[in-house]
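J.: Let me begin by handing over the structure; questions about it come next.
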Protein chains: 4
Amino acid sequence: MNVPLVVDTDTAQDDCVALLAALLDPRADLRAITMVAGNVGFDRQVRNAFLTLNAAGRLGEVPVHLGCRRPLVRPWESAENVHGDGVGGLDMDLTGCAPEEEHAVDALVRLAAQRPGELSVVAIGPLTNIAMAAAKDPDFPRNLRALYVMGGSNNGRGNITAAAEFNFYVDPEAAKTVFAAGFPVTVVPWDPVTLRQAVFGTERLAEISALGTPLAGFFTRVCAATLEFDRRVGIEGTTHPDSLTVALLLRPELLRRAAGYHVDVETAGELTRGYAAMSWGVHGRAANAAVVEEVDAAGFFGYLRDLLARPVVPSRPFAAPR
Amino acid sequence: MNVPLVVDTDTAQDDCVALLAALLDPRADLRAITMVAGNVGFDRQVRNAFLTLNAAGRLGEVPVHLGCRRPLVRPWESAENVHGDGVGGLDMDLTGCAPEEEHAVDALVRLAAQRPGELSVVAIGPLTNIAMAAAKDPDFPRNLRALYVMGGSNNGRGNITAAAEFNFYVDPEAAKTVFAAGFPVTVVPWDPVTLRQAVFGTERLAEISALGTPLAGFFTRVCAATLEFDRRVGIEGTTHPDSLTVALLLRPELLRRAAGYHVDVETAGELTRGYAAMSWGVHGRAANAAVVEEVDAAGFFGYLRDLLARPVVPSRPFAAPR
Amino acid sequence: MNVPLVVDTDTAQDDCVALLAALLDPRADLRAITMVAGNVGFDRQVRNAFLTLNAAGRLGEVPVHLGCRRPLVRPWESAENVHGDGVGGLDMDLTGCAPEEEHAVDALVRLAAQRPGELSVVAIGPLTNIAMAAAKDPDFPRNLRALYVMGGSNNGRGNITAAAEFNFYVDPEAAKTVFAAGFPVTVVPWDPVTLRQAVFGTERLAEISALGTPLAGFFTRVCAATLEFDRRVGIEGTTHPDSLTVALLLRPELLRRAAGYHVDVETAGELTRGYAAMSWGVHGRAANAAVVEEVDAAGFFGYLRDLLARPVVPSRPFAAPR
Amino acid sequence: MNVPLVVDTDTAQDDCVALLAALLDPRADLRAITMVAGNVGFDRQVRNAFLTLNAAGRLGEVPVHLGCRRPLVRPWESAENVHGDGVGGLDMDLTGCAPEEEHAVDALVRLAAQRPGELSVVAIGPLTNIAMAAAKDPDFPRNLRALYVMGGSNNGRGNITAAAEFNFYVDPEAAKTVFAAGFPVTVVPWDPVTLRQAVFGTERLAEISALGTPLAGFFTRVCAATLEFDRRVGIEGTTHPDSLTVALLLRPELLRRAAGYHVDVETAGELTRGYAAMSWGVHGRAANAAVVEEVDAAGFFGYLRDLLARPVVPSRPFAAPR
Ligand SMILES: [Ca+2]
Ligand SMILES: [Ca+2]
Ligand SMILES: [Ca+2]
Ligand SMILES: [Ca+2]
């Protein structure tokens, strides 16, 4: 099996881990990285993507396309309080690391149209680029084999507010658009899947750290800020929504249970901006998405650990952290 | 211990069971029943309240006050598809069963003001009367010892929509008002508490039925319609949100865990009308309510079973169901 | 002709003038003044009502009932930046000036029910009391002969925001409720009627001032703050929405044109809180209100001037302004 | 003077007249026509654009770019009840009439970037393409010399609802985005400018008809459906919002008065979808647009009449109307 894919990302912390999986998993055929406004400053995210390409020893091998620098309708809101710079202060000589000329939206449309039904997109940031691509090319949704989305909660806790998860909160109009556009969507929600099944506690983090590889060191560094933040909000460990989403696409055997839901996103509430209304079949609305309900948590950890155990050497040396 | 209380109710199914508890628990000193628009037609609900007084053998002993016949701002929406007539077709000679002249809102205000700090109110329907009482008398909230509210979900599933529980959905403006008014509120949410900890499955229902008392017969009849509906929506048994709420006030030993939350209610969303935004302390909003998180489920069942086992004789004979 | 009426008011500036009309016009039979949260602090408004009764020489003759101290759902917002204390610093010995025990909502319901079809209510503040009365007694709307409401704009400019007029903005839920409740409503909007047809410029104000009566002095003093504010926002003169509304009830000959509209009030928008959607018959919605479109502006001025020319002596001397 | 411009249009009725002006006014240098979802079916609109190019005798001379086939977030809503097919049944041999390969959004971005500060865009349909272009290229707004927008009402009547004008109603998210994006915008509102100053009554229509030119015949035919609709809703004549907007760009001497406003668009209301909140400087919000308040109505009519008097011959013969 070989999975041609694009990862659409607001690269910080677990986005980096997700990119590692998309770069290093032998099943993955990563065609492009597309950048979208989200976690931290846009240009910082682009740097982070190149730093991750470097960590994977693949600098210069995968095109990076710049996409939308702000949400469709709303001003951009950062999560820098959670993520810091998004890579734990890592740095490197970025000479020659240049994104493509082609806009991310155009790259998405083009890559999907080249071989209809083959490309998968994993969207692990706000859905601005994806919504734009669907608005620009009505065929885009049906040209994809699959769209995997990290976002929302399945009638559970949000993170940025009680009601909403960050990705949908930041660009609720884009998220709403995506669920109405006819994509073959699979959703990996924050609660319960990420929050209850993909948290790495002290023991697991130690296990990774003990691997001693450059990749494990990279992982430890980029996840440090999240760990600290998570502890402040009562989560005992690092959270891995984005890498889980990539993993579920590449390793479907990690999926325990998914179900059809009608998913729509609130854009108009006073308290509920970005809330994902996920209806499970009793309110008369037809399913438009598969929502992941349970994963093989241990399997997912093992998957990442094995990936990080690989003796990959960075393309260039990293600078000492500032 | 003796608990002076008023039950504010849209009497149908489990509201009847809740009233039985408030009428028969020796710890309860039920000062009044106040009626509010909700589950089924208002006049039907009033009948159901008198039928329940009759089942408890206390016809004529507790005043029934009529309150608001519709929500504060929105048209009334019924849940008759769930509840039918709300009492499984029970009937009786209602001669002389007359509600009080005094409006429910005035009764609430008066009873609370008589001895400030002593009265508890258990609100098991939409919060219209409670909001009206607070709007009419700004002292009403602080005159109460406690306000127990059945409503909302704690970052979980709704019932009438994916986002919302029925009581808050029907009158979201009232619910919003109540949480801003300074009441000493305890909330018993639909999910997880009711939905996961207060469902009576086949076995428990059989145990009650086997009691053979008139009260058990009354219980079985009034709960039949809910049981059928619940099965259609995937809940294996009858749900007891309202009687659980009364029980938690009268028998605090049934409470396993509650926590402070900031609760607010959405009135403006397209998908989220009546959604309860319950924030658990990480979003910078101060707690304004205690939300019940876990109850002694077996203890609650035992409490109701023992209550229904009592050899209470109806004040008047019930008519054969139509 | 004799018009039994209640004026529901947030007494400040033109509310005072409106009360003068209701107190002194020989056609008016003012049964009660009911107070509602609005322009300035509630207790300040009550003082202003007594000051106005005094100016009219009728202290002690008309009952004053206290109503809701805040809007139905939202926190109270003042317009003290417009109105100052609402009476230009006037003061008096208020000994013995006590409001009634009975709540304004109950007084409204009672007075309407006493002789169904006879009482008119003129609502010149936020509609909280009126909505509460309709919620408490579903017969209240049809027990009235007429409800005259000052509020909204007829597809024109607001004042407190571009979209909204103050009375509807402060309690949009109440306003929405009133237009759905079946009242025989006549609306006097801010724009165009008040803003373009009931402004008193320098010349008219001088004409009133020159009358030299105590009433004219009272008028000049209470309107001074509005005059100053209006000039800052580009209105050349004082505005008289409330007194115009009373005048139109008492002197229907001042009405030039009114038309049927479907009126509803926005409670959910981000920019449009309290916006009055007035549909003129082409959007398929049936009329639920008569909206005043044109008045006899000169006639209205003459009416007030003649009223203020009357040699009425205050019940008690006013204190020198602070 | 020579004005390089693009017209972004949902071509039907007055959009055709607007295109005629942009095609025939010697001051206009029309670089492209970009198509956006709006009045009637998208493909029908494209036909109408080619029919208009034909009427102007310029078939094949101006590129037509296809843009978004639906609004950013919402499903498309047509105004076919107003416009019919949009050209009064006109037809022709469309052989060889092909739109460009390049998407309208890309064309807009490219043409603006080619010579920054020179291009004007006249947007006379929903603002979907314009918002997309700004989302794709943050420089797009500042690369334009001017953006002229037909849409909204200046605190006046809407048309599709009491609150909203069609263009903003159909894609309120796009309109909101445009006013936040930093464009040098001039707005030509429906009310009062179009509704009260750009209506052609029987006399003017007769004057045009009497011209006897092919262009006058084209005008008469395409405007017939609007005329009929307008009469049904109480407007005595045809309305010319779109051609007025083009005219104001090309002939600034037709402008009598414009003023700075803060314009924002409601996306969240229950009654006010697409409402343009236009604040005139007293609510503390800085101006982000010039709003046209008064035009030289007679001058505008004269301008169009003279244009239609020109003896232009269609590129191809029109077919007899079906
Ligand atoms: Ca991410
Ligand atoms: Ca209930
Ligand atoms: Ca007032
Ligand atoms: Ca148009």
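The values are calculated or read from the model by the stated rules, or taken from the named source; none is laboratory data. Please read these numbers as outputs of a predicted model, since none were measured by experiment. No Cβ is skipped: glycine too gets one built from the backbone with ideal geometry, and neighbour counts run over all protein chains shown. For the accessible areas, the whole protein counts, side chains as well, though only heavy atoms, and no ligand, DNA or RNA atoms are used. Shrake-Rupley method; radii C 1.70, N 1.55, O 1.52, S 1.80 Å.
J.: In the set A:Glu207, A:Glu228, which member is in contact (Cβ under 8 Å) with a residue 24 or more places away in the chain and either touching a strand residue (DSSP E or B) at 6+ places or on another chain (Cβ under 7 Å) or not aliphatic (A, V, I, L, M) (or both)? Quick ask: steps written out before the conclusion?
T.: On the way: A:Glu228 fails: in contact (Cβ under 8 Å) with a residue 24 or more places away in the chain.
Exactly one residue qualifies, and that residue is A:Glu207.
J.: Let me ask something else about it. Could you list all residues from segment B:196-216 that are part of a helix (DSSP H, G or I) and open to solvent by less than 40 Å² (accessible area, probe 1.4 Å)?
T.: Within segment B:196-216, B:Gln197, B:Leu205, B:Ile208, B:Leu215, B:Ala216 qualify.
J.: To continue, here is another question. Determine whether A:Gly158 is modelled with pLDDT of 95 or more, buried (at least 22 other Cβ atoms within 10 Å of the Cβ) and more than 16 Å from ligand 4 (Cβ to nearest atom).
T.: On the way: modelled with pLDDT of 95 or more: yes; buried (at least 22 other Cβ atoms within 10 Å of the Cβ): yes; more than 16 Å from ligand 4 (Cβ to nearest atom): yes.
Taking the combined requirement at face value, the residue satisfies it.
J.: Considering each of A:Val82, A:Val109, A:Val62 in turn, give the residue that is closer than 30 Å to D:Ala175 by Cα and more than 16 Å from ligand 2 (Cβ to nearest atom). Spell out how you get there, then give the answer.
T.: Details: A:Val82 fails: closer than 30 Å to D:Ala175 by Cα; A:Val62 fails: closer than 30 Å to D:Ala175 by Cα.
It is A:Val109.
J.: Out of segment C:185-240, which residues are more than 25 Å from C:Pro314 (Cα to Cα) and basic (Lys, Arg)? Reasoning before the result, please.
T.: Initially, segment C:185-240 is screened for residues more than 25 Å from C:Pro314 (Cα to Cα), giving C:185-199, C:201-203, C:228-237.
Selection gives C:Arg196, C:Arg231, C:Arg232.
J.: Of all the residues that make up segment C:136-152, how many are surrounded by fewer than 24 Cβ atoms within 10 Å (Cβ to Cβ) and closer than 19 Å to C:Phe229 by Cβ?
T.: The qualifying residues number 0.
J.: Being among the β-branched types (Val, Ile, Thr), out of contact with any Pro (no Cβ under 6 Å at 6 or more places or on another chain) and surrounded by fewer than 24 Cβ atoms within 10 Å (Cβ to Cβ): is that true of D:Thr177 here? I'd like the intermediate steps shown before the answer.
T.: Values: among the β-branched types (Val, Ile, Thr): yes; out of contact with any Pro (no Cβ under 6 Å at 6 or more places or on another chain): yes; surrounded by fewer than 24 Cβ atoms within 10 Å (Cβ to Cβ): no.
No; evaluated as a whole, the condition is false for this residue.
J.: Here is a further query. For the condition away from ligand 1 (no atom under 16 Å from the Cβ), within 14 Å of chain C (Cβ to nearest Cβ) and in contact with a helix residue (DSSP H, G or I) (Cβ under 8 Å, 6 or more places away or on another chain), what is the one hit in D:Asn154, D:Asn167, D:Asn143, D:Asn129?
T.: So the residue among D:Asn154, D:Asn167, D:Asn143, D:Asn129 that is away from ligand 1 (no atom under 16 Å from the Cβ), within 14 Å of chain C (Cβ to nearest Cβ) and in contact with a helix residue (DSSP H, G or I) (Cβ under 8 Å, 6 or more places away or on another chain) is D:Asn154.
J.: Among the residues of segment C:43-60, is there at least one that is within 14 Å of chain B (Cβ to nearest Cβ), free of Cβ contacts under 8 Å to residues at least 40 places away in the same chain, away from ligand 3 (no atom under 11 Å from the Cβ) and open to solvent by 40 Å² or more (accessible area, probe 1.4 Å)?
T.: Start the filter on segment C:43-60 by keeping residues that are within 14 Å of chain B (Cβ to nearest Cβ), which leaves C:43.
Within this subset, residues satisfying the condition of being free of Cβ contacts under 8 Å to residues at least 40 places away in the same chain are C:43.
Now drop any that are not away from ligand 3 (no atom under 11 Å from the Cβ), which leaves C:43.
Narrowing further to those that are open to solvent by 40 Å² or more (accessible area, probe 1.4 Å): C:43.
Within segment C:43-60, one or more residues are within 14 Å of chain B (Cβ to nearest Cβ), free of Cβ contacts under 8 Å to residues at least 40 places away in the same chain, away from ligand 3 (no atom under 11 Å from the Cβ) and open to solvent by 40 Å² or more (accessible area, probe 1.4 Å).
J.: So, one more: So which of B:Asp8, B:Asp14 ends up being within 15 Å of ligand 2 (Cβ to nearest atom), away from chain C (no Cβ under 14 Å), touching a helix residue (DSSP H, G or I) at 6+ places or on another chain (Cβ under 7 Å) and within 19 Å of B:Ala133 (Cβ to Cβ)?
T.: Working: B:Asp14 fails: within 19 Å of B:Ala133 (Cβ to Cβ).
Checking each option against the conditions leaves just B:Asp8.
J.: Among (1) assigned to a strand (DSSP E or B); (2) touching a residue at least 60 places away in the same chain (Cβ under 8 Å); (3) among the charged types (D, E, K, R), which single condition is D:Arg257 missing?
T.: Of (1) assigned to a strand (DSSP E or B); (2) touching a residue at least 60 places away in the same chain (Cβ under 8 Å); (3) among the charged types (D, E, K, R), only one is false for D:Arg257: (2).
J.: Answer with yes or no whether C:Pro184 is surrounded by fewer than 23 Cβ atoms within 10 Å (Cβ to Cβ), free of Cβ contacts under 8 Å to residues at least 24 places away in the same chain and away from chain D (no Cβ under 12 Å). Spell out how you get there, then give the answer.
T.: Working: surrounded by fewer than 23 Cβ atoms within 10 Å (Cβ to Cβ): yes; free of Cβ contacts under 8 Å to residues at least 24 places away in the same chain: no; away from chain D (no Cβ under 12 Å): yes.
In short, no.
J.: I've got another one for you. Would you point out the residue of segment B:257-286, among those that are surrounded by 17 or more Cβ atoms within 10 Å (Cβ to Cβ) and farther than 21 Å from B:Thr177 by Cβ, that is farthest from the other protein chains (Cβ to nearest Cβ)? Outline the logic, then answer.
T.: If we filter segment B:257-286 for residues that are surrounded by 17 or more Cβ atoms within 10 Å (Cβ to Cβ), which is where we start, we get B:258, B:261-280.
From the residues that got through so far, the ones that are farther than 21 Å from B:Thr177 by Cβ too are B:258, B:270-271, B:280.
Working: B:Ala258: 17, B:Glu270: 5, B:Leu271: 4, B:Trp280: 7 Å.
It comes out as B:Ala258.
J.: Assess whether D:Thr34 counts as being within 14 Å of chain A (Cβ to nearest Cβ) and more than 16 Å from ligand 1 (Cβ to nearest atom). Steps first, answer last, please.
T.: Values: within 14 Å of chain A (Cβ to nearest Cβ): yes; more than 16 Å from ligand 1 (Cβ to nearest atom): yes.
So D:Thr34 passes the test.
J.: Considering B:Gly88, B:Gly117, B:Gly38, which residue is out of contact with any Gly (no Cβ under 6 Å at 6 or more places or on another chain) and farther than 18 Å from B:Pro314 by Cα? I'd like the intermediate steps shown before the answer.
T.: Working: B:Gly88 fails: farther than 18 Å from B:Pro314 by Cα; B:Gly38 fails: out of contact with any Gly (no Cβ under 6 Å at 6 or more places or on another chain).
Result of the check over B:Gly88, B:Gly117, B:Gly38: B:Gly117.
J.: Could you list, in sequence order, the residues of segment A:229-251 that are open to solvent by 10 Å² or more (accessible area, probe 1.4 Å), within 14 Å of chain B (Cβ to nearest Cβ) and either assigned to a helix (DSSP H, G or I) or within 16 Å of ligand 3 (Cβ to nearest atom) (or both)?
T.: A:Phe229, A:Arg231, A:Arg232
J.: Could you check D:Pro189 against (1) open to solvent by 10 Å² or more (accessible area, probe 1.4 Å); (2) within 14 Å of chain C (Cβ to nearest Cβ) and say which number it fails?
T.: The one condition D:Pro189 does not meet is (1).
J.: Oh, and also: In this structure, is C:Ala79 within 16 Å of ligand 3 (Cβ to nearest atom), within 14 Å of chain D (Cβ to nearest Cβ) and not β-branched (Val, Ile, Thr)? First the steps, then the outcome.
T.: Working: within 16 Å of ligand 3 (Cβ to nearest atom): yes; within 14 Å of chain D (Cβ to nearest Cβ): yes; not β-branched (Val, Ile, Thr): yes.
The answer is yes for C:Ala79.
J.: Mind listing whichever residues of segment B:49-86 are among the aliphatic types (A, V, I, L, M) and modelled with pLDDT of 90 or more? Can you show your working first?
T.: Of all residues in segment B:49-86, those among the aliphatic types (A, V, I, L, M) come to B:49, B:51, B:53, B:55-56, B:59, B:62, B:64, B:66, B:72-73, B:79, B:82.
Result: B:Ala49, B:Leu51, B:Leu53, B:Ala55, B:Ala56, B:Leu59, B:Val62, B:Val64, B:Leu66, B:Leu72, B:Val73.
J.: Go through segment C:97-125 and count every residue that is away from every other protein chain (no Cβ under 14 Å) and either open to solvent by 30 Å² or more (accessible area, probe 1.4 Å) or in a loop (DSSP other than H, G, I, E, B) (or both).
T.: Number satisfying all stated conditions: 11.
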